[in-house]
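Down below is the structure, laid out as structure tokens.
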Amino acid sequence: MDVSSLLDGMNDEQREAVAAPAQNMLVLAGAGSGKTRVLVHRIAWLMRVEQVPASAILAVTFTNKASSEMRGRVEELLGGRLFGLWLGTFHGLAHRLLRAHHLDAKLPQDFQILDSDDQKRLLRRILKGMNLDEKQWPVRQASGFINARKDEGLRPKDIQILHDPVQQTYQRIYQVYQDTCDRAGLVDFAELLLRAHELWLHKPHILAHYQDRFRHILVDEFQDTNSIQYAWLQMLAGTQARVMIVGDDDQSIYGWRGAKVENIARFLQDFPGSETIRLEQNYRSTSTILKAANTLIANNAERMGKELWTQDEAGEPISVYAAFNEVDESRFVVERIKQWHNQGNALSEAAILYRNNAQSRVLEESLIQAQLPYRIYGGLRFFERQEIKDALAYLRLMNNRDDEAAFERVVNTPTRGIGERTLGLIRDAAKERELTLWQAAWRLVEEKILAGRAASAVSRFLALINQLEDDTRELPLHVQTDRVIETSGLKAMYQAERGEKAQARVENLEELVSATRQFTPAEDDDMSLLSAFLSHAALEAGEGQADKFTDAVQLMTLHSAKGLEFPLVFMVGVEEGMFPSQQSAEESQRLEEERRLAYVGITRAMSKLYISHAETRRLYGKEMFHRPSRFIKELPNDCLDEVRLKATVSRAMPNGRFSQDRVQDTFNETGFKLGQRVTHPKFGEGIVLNFEGAGNHSRVQVNFEGSGSKWLVTAYARLEAL
Ligand SMILES: Nc1ncnc2c1ncn2[C@@H]1O[C@H](COP(=O)(O)OP(=O)(O)OP(=O)(O)O)[C@@H](O)[C@H]1O
Ligand SMILES: [Mg+2]
């Protein structure tokens, strides 16, 4: 038996954890200290050395991706496929359990899972059925109420809030929603966990069976478990199982979704004799990156306290780039990735991390322009997002009434009383008479085959599209888009939902306006600007996204980067108001969670970290002036290197002050200076935002009032100073 290979290259504390006798254990340690690695080796150790059968082990990870990686690594260590090991996320494991015991869980065999969008759609119907106005009872609020109760293990009957009429109504919604789900055999995400917990509560013999089976339970990223997950785990463990949890309180970033970092302390009380092992050596990052991360997180008051050091060399300083605006920022990032790639490194070793999904759009466009394949993790590409597709469908229909897919998509989005029955009639008529849906709808209204409410709803929709086109045909594309988002009711629909996700959707819609404003068609395009933009959007949605096997730059939110590591990391948009966000800046607990998120971001980087912020940012359709984030100022100066590009002279310093030479002396070879007003024969008046290059190759970026920002080759641009 080759035991040593499981302990090779491990430090003393790691060995202690991997080779510990059967006991409860907490591995509490900072980022990159090998927690996940220890957990993997512990599983292999249990199997090979302690002869524990795979079927007696249950391991929990935070994401599906982490599960499959972990399985792969254990199999690699043991040199063979694993059978019987339960390894998955809490949701995945609960799902597996419910499938196996659907009768005992009172579920039909073929129960279906509701994702969060499905859940909202169902709730919308239920609210209608209950005669509750969505404006007063936002769907998002209702789903938030239900999920939070489920996360606490509460059924409608368990909620004691009889004095508060608002809460009572939500309680009633919960009840009706639950009855509907139960009748239809539908299970939402929170329900998976709650039902799995109830299975333990109500079916002791099943619990006993699994308690008998799983002698070892291991949980990664424990700091982000919620109450019901904890309760489920505790029951499963019973008195027999040995539980090993690994986590880092400094990386608890899901408090807003009900995660309880206190679960770590609770574990020590509830699981007697737990040994705490601390890992203090970081193996991931250069000492510069680590020092920056340690210094940053020291600003948090609520910490369990940990040390982290590394033997690694200092490496390169962290580069801080003060971009002029978000376009400049993404060009900078892409430029650096290109250099990195040209030096023979894989694209997949580079990650771009951002706070909000909407930030990906500008980055995506720069990457596409540079022809660099990229992949977005844990989220959809900008042009594939539901709300963006909705808005584009309106534009498509305005552009071409016969666009069937677009018609189907928005005819009743937002809901305007065109039900399935009416739609069925339209579809049938279209088929029988060989018409498009649009034409068929007209005919049915004209011939009075549709009557009453259905007829007026349909004709209102047809008129809306015609009117939108008439009213906006002559307007610039971004004004047209803005009008569509407002007039169609899309924006109001998402605004009414409230909450994080809906808020993100509204922001994305506004970001679409920015996208249209910045859009420049290829020179030789004869198409209308709208057609050109629509094809651009369609192409961006369909292609470019690298498949599994292509080497591609990794894009993701800071939240989805948890647990991962990359040699080259870019943290973008590190600005006050963005990161930390406006709201969290005002509340100390939320601010600390944002800081932990920054800590997670920094500690993803192995050898080189870039942090960038933009002085002005056009996001969600608005142009904002942003100061560098306080998180940048909290980093030690000797770890930072301020990037200065040759062409761009004015730079905000990381400490928030602006260098004196701002917008002065910046006439360069292009003959223009930053902030100067210019005029162009075709695009009209604008302001110089940036320039690059020299001589014949120099380019200036101008923000034109009518048509947004464009890069022009100075030699041919025929720009005149005003
Ligand atoms: N003793 C060791 N010797 C060499 N490399 C190690 C050692 N321990 C861990 N590593 C490496 O350090 C990196 C970080 O390890 P790992 O991902 O397990 O850390 P972690 O504590 O789980 O981090 P996070 O908190 O970000 O999840 C990995 O590349 C891992 O292979
Ligand atoms: Mg880890």
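The values are calculated or read from the model by the stated rules, or taken from the named source; none is laboratory data. Note that the coordinates shown come from a computational prediction; the quantities given were computed from them, not determined experimentally. We place every Cβ from the backbone using ideal geometry, glycine too, and count neighbours over all the protein chains shown. Calculation scope for accessible area: heavy atoms of the full protein, side chains included, ligands and nucleic acids excluded. Shrake-Rupley method; radii C 1.70, N 1.55, O 1.52, S 1.80 Å.
Selection of the range 327-349 for residues being within 22 Å of the chain's Cα centre (by Cα), among the acidic types (Asp, Glu) and either farther than 30 Å from VAL702 by Cα or open to solvent by 50 Å² or more (accessible area, probe 1.4 Å) (or both) yields only GLU349. Of the residues in the range 572-592, not one is under 16 Å from the mean Cα position of the chain (by Cα), closer than 21 Å to ALA351 by Cβ, within 15 Å of ligand 1 (Cβ to nearest atom) and not charged (D, E, K, R).
Might you check whether a residue that is in a loop (DSSP other than H, G, I, E, B), more than 16 Å from GLN119 (Cα to Cα) and open to solvent by less than 30 Å² (accessible area, probe 1.4 Å) occurs anywhere in the range 236-243? Yes, that holds for at least one residue.
Among the residues of the range 426-481, the ones that are buried (at least 20 other Cβ atoms within 10 Å of the Cβ) and in a loop (DSSP other than H, G, I, E, B) come to 1 in all. When the helices (runs of 4 or more DSSP H) confined to the range 1-88 are screened for residues that are among the acidic types (Asp, Glu), those reaching at least 2 such residues are found at 12-18, 64-78.
Pairs are defined by a Cβ separation below 7 Å, a sequence spacing of at least 6 or placement on different chains, a first member in the range 25-40 that is open to solvent by 10 Å² or more (accessible area, probe 1.4 Å), and a second member that is in a strand (DSSP E or B) and near ligand 2 (Cβ under 8 Å from one of its atoms); the pairs so defined are LYS35/VAL246.
Residues that are small (Gly, Ala, Ser), at positive phi and surrounded by fewer than 20 Cβ atoms within 10 Å (Cβ to Cβ) do not occur anywhere in the range 360-374. Of all residues in the range 252-276, those satisfying the criterion of being under 27 Å from the mean Cα position of the chain (by Cα) and either away from ligand 1 (no atom under 16 Å from the Cβ) or open to solvent by 10 Å² or more (accessible area, probe 1.4 Å) (or both) are TYR254, GLY255, TRP256, ARG257, GLY258, ALA259, LYS260, VAL261, GLU262, ASN263. Please verify whether ALA393 is of a type in the set (A, V, I, L, M), in contact with a Lys or Arg (Cβ under 6 Å, 6 or more places away or on another chain) and within 30 Å of PHE704 (Cα to Cα), treating the condition exactly as stated. Against the criterion (of a type in the set (A, V, I, L, M), in contact with a Lys or Arg (Cβ under 6 Å, 6 or more places away or on another chain) and within 30 Å of PHE704 (Cα to Cα)), ALA393 qualifies. Of the candidates ALA148, ALA190, the single residue that is buried (at least 18 other Cβ atoms within 10 Å of the Cβ), hydrophobic (A, V, I, L, M, F, W, C), in a helix (DSSP H, G or I) and in contact (Cβ under 8 Å) with a residue 12 or more places away in the chain is ALA190.
Please determine, by comparing only the residues of the range 41-64 that are over 27 Å from THR603 (Cα atoms) and without any contact (Cβ under 8 Å) to a residue 60 or more places away in the chain, which one is nearest to ligand 2 (Cβ to nearest atom). Checked the range 41-64; the qualifying residue nearest to ligand 2 (Cβ to nearest atom) is TRP45.
I'd like to know if the range 621-643 contains one or more residues that are buried (at least 18 other Cβ atoms within 10 Å of the Cβ), β-branched (Val, Ile, Thr), within 16 Å of ligand 2 (Cβ to nearest atom) and on the phi < 0 side of the Ramachandran plot. Taking every residue of the range 621-643 in turn, none turns out to be buried (at least 18 other Cβ atoms within 10 Å of the Cβ), β-branched (Val, Ile, Thr), within 16 Å of ligand 2 (Cβ to nearest atom) and on the phi < 0 side of the Ramachandran plot.
Determine if the range 286-296 includes at least one residue that is within 16 Å of ligand 2 (Cβ to nearest atom) and either under 22 Å from ALA561 (Cβ atoms) or open to solvent by 20 Å² or more (accessible area, probe 1.4 Å) (or both). Taking every residue of the range 286-296 in turn, at least one turns out to be within 16 Å of ligand 2 (Cβ to nearest atom) and either under 22 Å from ALA561 (Cβ atoms) or open to solvent by 20 Å² or more (accessible area, probe 1.4 Å) (or both).
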